[in-house]
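Okay, structure first, notes after.
Coordinate-derived values only; no laboratory data. As the structure is a computational prediction, the values presented were derived from the model and not from experiment. Heads up, the Cβs are rebuilt from the backbone with ideal geometry, glycines too, and the neighbour counts pull from every protein chain shown.
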Amino acid sequence: MERLSHSEEQVMTALWACGRPATRRELASHLPEGVHWADSTVLNFLLRLEKKGFVRPEKQGNKNVYTPLVRRTTYCGAASAAHLQTLYGGDARGMLAALTDTGRLSNPELERLLRWLDRYLAEHPEYDYD
């Protein structure tokens, strides 16, 4: 899957946050605080995303409505895996160590992660012996 630029990711995140196909104006209202792009800039990013196969525009009246063609989970999983491979050689422990060593992952967050991992492993056993 093609990686997106940071700005393209912001546009996709805003579109996913809309929860349904959205106009450029609706999408712009979901951009991160402090991001105030001109209409033409948002439209330029949407055109790039269309060319990359991430969105589909559809004319409704005098407006385009943009539908995401890639699920957030799908993109985030692929982008995270690529990032993990590039920066940590695929070693998730190295990534977690970097996050904890720099204070970006707190002990309460680690405990929550451990509880999630325990639940996940219980619900998704590697082998089915039945």
Reduced to Cα centres, the span from the range 55-76 to the range 4-29 in Å works out to 9
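Once you compute Rg and the Kirkwood Rh from C-alpha atoms, what is the Rg to Rh ratio for the range 6-68? All intermediate terms of the calculation are to be shown ahead of the outcome.
Details: Rg = 10.5 Å, Rh = 11.4 Å.
Rg/Rh for the range 6-68 comes to 0.92.
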Return the FRET efficiency for the residue pair residue 92, residue 51: r is the Cβ-Cβ distance, R0 is 35 Å, and the value is rounded to the nearest 0.05.
0.60
If I take R0 = 25 Å and measure r between the Cβ atoms of residue 114 and residue 17 in this structure, what FRET efficiency does the formula 1/(1 + (r/R0)^6) give, to the nearest 0.05?
0.30
Likely footprinting exposure, 15, 84, fewest C-beta neighbours within 10 Å first
84, 15
Is it possible to state the helix-based mean residue ellipticity at 222 nm for the chain, with each DSSP H run of 4+ residues giving -39500 (n - 2.57), the sum divided by total residues, to the nearest 500 deg cm²/dmol? What is it?
-18000 deg cm²/dmol
In the chain, which longest range has no chymotrypsin sites (Phe, Trp or Tyr not before Pro) that are both DSSP loop (not H, G, I, E or B) and surrounded by at most 11 other Cβ atoms within 10 Å?
1-126
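Run through the range 11-92 and list the GluC sites (Glu not before Pro) located in a DSSP loop whose Cβ has at most 12 other Cβ atoms within 10 Å.
Of the GluC sites (Glu not before Pro), the ones in loops of the range 11-92 whose Cβ has at most 12 other Cβ atoms within 10 Å are 33.
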May I ask for the Rg/Rh ratio of the chain, computed from Cα atoms with Rh as the Kirkwood radius, given to two decimals?
1.08
